[in-house]
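The values are calculated or read from the model by the stated rules, or taken from the named source; none is laboratory data. Remember, it's a predicted structure, so these values are computed and weren't measured experimentally. Neighbour counts run over all protein chains shown; Cβ positions are idealised from the backbone, glycine included. We work out accessible area using only protein heavy atoms, side chains counted, and drop any ligands, DNA or RNA first. Shrake-Rupley method; radii C 1.70, N 1.55, O 1.52, S 1.80 Å.
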There are 2 protein chains.
Amino acid sequence: MAGIKVHGSVFSTATQRVFASLYEKELEYELVPVDMKAGEHKKEAFLSLNPFGQVPVLEHGDQKLFESRAITQYIAQEFPDKGTQLACPGKPIAPLLVWKEVEALQFDPPSSKLNWELVYKPMFGMTTDPAAVEENEAKLSKILDVYEARLSQSKYLACDSFTLVDLHHLPNINFGFGDRLSRKLFDATAPHVSGHNGQAEFQLPDRLG
Amino acid sequence: MAGIKVHGSVFSTATQRVFASLYEKELEYELVPVDMKAGEHKKEAFLSLNPFGQVPVLEHGDQKLFESRAITQYIAQEFPDKGTQLACPGKPIAPLLVWKEVEALQFDPPSSKLNWELVYKPMFGMTTDPAAVEENEAKLSKILDVYEARLSQSKYLACDSFTLVDLHHLPNINFGFGDRLSRKLFDATAPHVSGHNGQAEFQLPDRLG
């Protein structure tokens with residue numbers, strides 16, 4: 001079997017999304033660390049892997065992929081019989097397609113902005129902007145109302161089993177927001193979303209401990 | 001065959017994306033107009049179809065879908081033998097997965113903002129913000145540099161045939177930006193992107209003429 005290489009950073013939620021899929025599929029891989037503090041992702045060697053200058057990049061044999069959600073879909077399709085199935089066997093495809101887009105286009109933008117304000121900025125010694133936090137908390141809160149309704153009818157977002165759709169959320173939820181927001185938004189206002197997260201707890205592979 | 005209903009607006013690029021896929025697949029459908037000026041998409045009847053209150057929604061038999069790119073994928077998968085194939089038969093799946101994400105997460109945000117400033121705001125009698133135009137033109141211009149490089153190696157974005165990935169771009173490019181930006185960004189700086197657009201020209205179905 002061709003080896004798998006992930007070019008990325010353990011601090012990047014997009015890279016963590018790919019780790020999560022490899023972990024669920026029980027696949028071995030080599031991590032090639034990209035030093036983002038040194039701007040390595042904007043230099044020529046990395047740009048030849050991803051012209052947009054963003055981690056992660058996956059190499060598998062002669063296939064090179066960027067965009068974390070393209071990589072997780074590739075892994076799920078390429079290794080259907082390994083580890084967790086991450087699909088809705090025997091069920092209509094429509095909810096999986098819909099909720100995959102919802103994560104990327106509705107949930108991710110305010111979540112990523114909150115991570116930037118509440119996790120990354122403090123990590124880089126920068127000052128959190130309270131107005132940006134408030135704005136994106138309000139946006140995310142409305143989205144979580146929809147999730148709460150969905151998850152009171154369906155065990156997971158796409159169907160009654162854990163899929164790529166759920167997996168795509170994990171890095172933003174678990175790495176993310178700092179304890180403050182997780183507790184406030186998830187436990188208090190969205191018990192089903194919160195329980196859902198509890199059931200599918202995201203852990204970085206031990207080897208990255 | 002179960003009938004297809006599209007709830008949406010001909011002025012919405014997301015709805016146009018769905019029209020384009022139905023057009024390529026040569027499928028008949030019923031358009032259920034949503035009066036967005038009257039805020040119909042934020043009222044209960046529509047929210048029961050899409051809790052996020054956005055057009056379009058597709059109904060096909062007992063399947064109900066929202067998110068335009070989920071709908072186009074559903075149509076492509078549900079009707080593989082109709083009209084244009086919209087895939088890369090016999091080719092690796094990786095580029096299709098990658099460039100599908102690129103459209104949604106890289107190309108669309110600045111393109112949609114430019115459409116808002118240059119097309120929708122004037123349509124609604126609102127004033128275009130020149131700073132927002134400049135910022136998003138700069139972002140889109142960098143993205144089109146990457147597209148130009150890609151399209152000088154590959155006839156279309158995912159492979160040498162026209163796919164869903166190319167189709168997803170059409171409403172923003174064709175409806176969009178006003179002539180000024182199209183000419184400036186596409187014809188002048190990105191001849192392959194421009195030619196690409198020319199080859200796959202987007203037309204609203206005659207029935208909506």
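Observations
- Each of B:Ala131 and A:Gln77 was given a label point 7 Å from its Cα along the Cα-to-Cβ line. The distance between the two points is 4.3 nm.
- Overall shape: oblate for the range A:54-105, with the ratio a/c of the largest to smallest alpha carbon gyration tensor axis at 1.5 or above and b/c at least equal to a/b.
- Rounded accessible area of A:Ser9 (nearest 10 Å², 1.4 Å probe): 20
- Projected-area mean, the range B:87-157, by convex hull of Cα positions, square nanometres: 5.7
- The range A:1-151: C-alpha gyration tensor shape, a/c 1.5 cut-off, then a/b vs b/c: oblate
- Pseudo-label separations to other copies for B:Lys91 - Cα-to-Cβ vector, 7 Å, nm: 3.2
- Unsatisfied cross-links (Cα-Cα over 29 Å) in the set A:Lys37/A:Lys82; A:Lys82/B:Lys91; B:Lys91/B:Lys139; B:Lys25/B:Lys142; A:Lys100/B:Lys91: A:Lys37/A:Lys82; B:Lys91/B:Lys139; B:Lys25/B:Lys142
- Solvent-accessible area of A:Trp116, all protein chains in place: 100 Å² (probe radius 1.4 Å, heavy atoms, ligands and nucleic acids excluded).
- For the set A:Ile143, B:Ile93, solvent exposure ranked by accessible area (probe 1.4 Å, protein chains only) runs largest to smallest as B:Ile93, A:Ile143.
- The A-B contact accounts for roughly 2400 square angstrom of buried accessible surface, both chains included, probe 1.4 angstrom.
- Taking a ≥ b ≥ c as the square roots of the eigenvalues of the Cα gyration tensor, the range A:12-91 is classed as prolate, since a/c reaches at least 1.5 and a/b is larger than b/c.
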